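Each remark here refers to the structure printed beneath this line.
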Amino acid sequence: MDEVEVLRAQVGLLAEAHDLANQALRSAWSIAEREGQSVNWSGHRAQLRASLDASHAALNALSDWGRRSSAENT
């Protein structure tokens, strides 16, 4: 995989994590606006979990790429 492909993959991971986090924040904002009324809490928890999982996966992948890149350059 060349450098441009790696960067594209990294941007893709970050974009996906950002999109999921943005959706979760919009939901949280909507819940706050309704002052916690009429909330699908299990759905909201699942949305938050998916966002956190995507964020952690993206960070782990970026860390792995960084470690591999550093090892290749030494």
Members of the range 8-46 that are free of Cβ contacts under 8 Å to residues at least 12 places away in the same chain, assigned to a helix (DSSP H, G or I) and hydroxyl-bearing (Ser, Thr, Tyr): SER30, SER42
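Suppose the filter is among the β-branched types (Val, Ile, Thr) and closer than 30 Å to GLU72 by Cα; does VAL4 pass it?
yes
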Name the residue that is modelled with the lowest pLDDT, counting only residues in the range 1-55 that are under 25 Å from TRP65 (Cα atoms) and open to solvent by 100 Å² or more (accessible area, probe 1.4 Å). MET1
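The values are calculated or read from the model by the stated rules, or taken from the named source; none is laboratory data. Here the structure is a predicted model, which is why all the values come from computation and not from measurement. Virtual Cβ from ideal backbone geometry, glycine too; neighbours counted across all protein chains shown. Areas reflect the complete protein model, heavy atoms only, side chains present, ligands, DNA and RNA absent. Shrake-Rupley method; radii C 1.70, N 1.55, O 1.52, S 1.80 Å.
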